[in-house]
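The structure under discussion appears below in the form of structure tokens.
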Amino acid sequence: MTIRHHIEDDLLVSYASGALSEGWSIAVATHLALCPHCRARLETAEAVGGQLLDAITPEQVDALAWDQLRTRIASGATAPEVAPRPAAIASDIPRPLRDYIGGGIDAIKWRNLGKGASQMRLRTGDPTTQVRLLRIPAGKPVPEHTHRGRELTLVLSGSFHDEEGSFGPGDIEDADGSVLHQPIASPEADCICLAVTDAPLKFSSWIVRALQPVLGI
Amino acid sequence: MVPPDDMDATDPLSDLLVAVGTTRDMEAFQTLFRHFAPRIKSYMARGATSALQPDEIMQETMVAVWNKAALYDPTKGSASTWIFTIARNQRIDAYRRATRPEFDPNDPAFVPSSEPAADDRMQTQQTSKSLRRAIETLSTEQSEVLRLCYFEDNSQSTIAERLNIPLGTVKSRLRLAFAKLRLALEASGDAP
Ligand SMILES: [Zn+2]
């Protein structure tokens, strides 16, 4: 897998600092599972967090805090963790995304969007984002659209291209509301990707817009 | 390259954390507590408001440090970095009750790095030192944005509103700050 499109600094810092909400984090963490380059960047971002924590102005803790902590540990109410999580079964989709789907690509429950495209919405605890999987038929476009906000698209299989470039497995496209783009799946295979948006997509064609409530896109 | 006094110095906090992980050394843990508890409390106090007191979340964090200490690998990063990630996860838990999606290195679909891991404590410590120095050289604006992004449990658009600057400016200050930090790390021989 040759990844050419990576996570932007601001997203990586939000993820490292813990401020990024669950929906966006699914795309970021899944890209990280596929991309050693960005994992090295994440290590740097977390090391910055470590240095900032070290340099923070300390606040006095309660005088009894240590005794309380010690008592709690001595009482055996805490359980040391040693073993790492057991290896999961082989799959074509890495964690954490696989956990949201409930399996690999075979487990995706597609719903027809018309014109051969389909989607599956993923349930999260994050009300600020919409997370779904999209399948675009080989050689076919996704209806042209702009966004009210940000859209992160992570390719899982196949590839697509648009005005911003060409995107293959593992690549992440980060588009803000100013981008009007028309992604087209490459002709060899259907393109399956994860799409995270912070607002429902706003299609520029009036007919698609009229159908938006019906199609649920 | 590295002055001899730097070569001899081992990070005492990392040694203490290793002692807790390997021998459940209570004295080492108390020394770690004295150093980190007031910092973790300060970090928790800067996040969003919560029914939980900063003291309580600090205590939960220190319990997690005790429980997970055996998983700490000093060749992968400093004690401060490792404890920062524990504190961050506790804060997400406490303030947002949200799950944090994370990759799993034991997952067969996980793509490992083709470069061998450095596994070098000296390098890890050198990285921490270079980073600390580089953070001190950031401009006031860059360092303010950096601190807000790490300490406040807020989105960058909220930070932009608070500073009364456009969101794009927050992002570009962050980008510039990180470019500077990476450059400093490259100069010290550790470069992602
Ligand atoms: Zn990447």
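Using alpha-carbon positions, what is the distance between the centroids of the stretch B:70-96 and the stretch A:109-130, in Å?
34 Å
Hey, which lysines would be in cross-link range of A:Lys109, C-alpha to C-alpha under 30 Å, not counting anything within fewer than 8 residues on its own chain?
By straight Cα distance, A:Lys109 reaches A:Lys140, A:Lys202.
Provide the descending list of Cα extents for chain B along its principal axes, expressed in whole angstroms.
Computed over chain B, the largest-to-smallest principal extents equal 48, 43, 40 Å.
At q = 0.28 Å⁻¹, what is the base-10 log of I(q)/I(0) for the stretch B:70-121 according to the Debye formula with one equal point scatterer per Cα and no solvent? Please give it to two decimals.
Cα-only, vacuum Debye calculation for the stretch B:70-121: -1.10.
If you average 1/r across every pair of different Cα atoms in the stretch B:133-187 and take the reciprocal, what Kirkwood value do you get, in Å?
The Cα-based Kirkwood calculation yields 11.4 Å.
Roughly speaking, what is the stretch gain from B:Leu71 to B:Glu152, that is 0.36 nm per residue apart minus the C-alpha to C-alpha distance, in nm to one decimal?
Here the answer is 26.4 nm.
Of B:Thr31, B:Ser78, B:Trp66, which is farthest along the charge dipole of the stretch B:12-96 in the positive direction, counting Lys and Arg as +1 and Asp and Glu as -1 at C-beta?
Result: B:Ser78, furthest along the dipole toward the positive end.
For the stretch B:133-187, with the dipole built from +1 on Lys and Arg beta-carbon atoms and -1 on Asp and Glu ones, taken about the Cα centre, which of B:Leu163, B:Phe178, B:Cys149 lies farthest toward the positive end?
B:Phe178
Please average, across the residues of B:136-143, the number of beta carbons from any other chain that are within 10 Å of each residue's own beta carbon, and give a whole number.
The mean count of partner-chain Cβ atoms within 10 Å per residue comes to 0.
Quick check: residue separation of A:Glu163 and A:Glu188 times 0.36 nm, minus the Cα distance between them. What number comes out in nm?
Length gained, A:Glu163 through A:Glu188: 7.1 nm.
Once the whole set of protein chains is in place, how much accessible area is left on B:Glu144, using a 1.4 Å probe, in Å² to the nearest 10?
Taking all protein chains as shown, B:Glu144 has close to 80 Å².
Quick one: pull the percentage of alpha-carbon pairs in the stretch B:12-96 with a separation above 16 Å.
Pairs farther apart than 16 Å: 47 percent.
For B:Glu161 and A:Thr57, what is the calculated FRET efficiency with R₀ set at 25 Å and r taken between the beta-carbons, to the nearest 0.05?
E between B:Glu161 and A:Thr57, to the nearest 0.05, is 0.55.
Just to check I understand the Karplus step: with θ = phi - 60° and J = 6.51 cos²θ - 1.76 cosθ + 1.60, what whole-Hz values come out for the stretch B:180-185, glycine and proline as x?
Per residue, the Karplus-derived 3J(HN,Hα) values read 5, 5, 5, 4, 5, 6 Hz.
Mean-square fluctuation check for chain B, GNM, Cα pairs under 10 Å: which of B:Phe103, B:Phe178, B:Phe36 is largest?
B:Phe103
Please calculate the 1.4 Å probe accessible area of B:Arg34, with all protein chains present, and give it to the nearest 10 Å².
150 Å²
Residue by residue, what Karplus-based ³J(HN,Hα) values in Hz, rounded to whole numbers, does the stretch A:17-24 have, using 6.51, -1.76 and 1.60 with θ = phi - 60° and x for Gly and Pro?
Along the stretch A:17-24, the couplings run 7, x, 7, 6, 6, 4, x, 4 Hz.
How large, in percent, is the carbon and sulfur part of the accessible surface of the stretch B:12-96 at a probe radius of 1.4 Å?
52 percent
Could you size up the charge dipole of the stretch B:12-96 around its Cα centre, putting +1 on the beta carbon of Lys and Arg and -1 on that of Asp and Glu, and report it in debye to the nearest 20?
300 debye
Between their Cα atoms, which of B:Lys41/B:Lys129; B:Lys76/B:Lys129; B:Lys41/B:Lys171; B:Lys41/B:Lys68; B:Lys76/B:Lys180; B:Lys41/B:Lys180 are more than 26 Å away from each other?
B:Lys41/B:Lys171; B:Lys41/B:Lys180
Short version: which residues of the stretch B:52-67 lose at least 20 Å² of accessible area, all chains versus chain alone, 1.4 Å probe?
At a threshold of 20 Å² (probe 1.4 Å), the residues of the stretch B:52-67 that become less exposed are B:Asp55, B:Gln59, B:Glu60, B:Val63, B:Trp66, B:Asn67.
The values are calculated or read from the model by the stated rules, or taken from the named source; none is laboratory data. This structure is a prediction, so every number in the text was calculated from the model and none was measured. Positions of Cβ are backbone-derived with ideal geometry, glycine not excepted, and every protein chain shown enters the neighbour counts. Remember, those area values only see protein heavy atoms, side chains included, never the ligands or the DNA or RNA. Shrake-Rupley method; radii C 1.70, N 1.55, O 1.52, S 1.80 Å.
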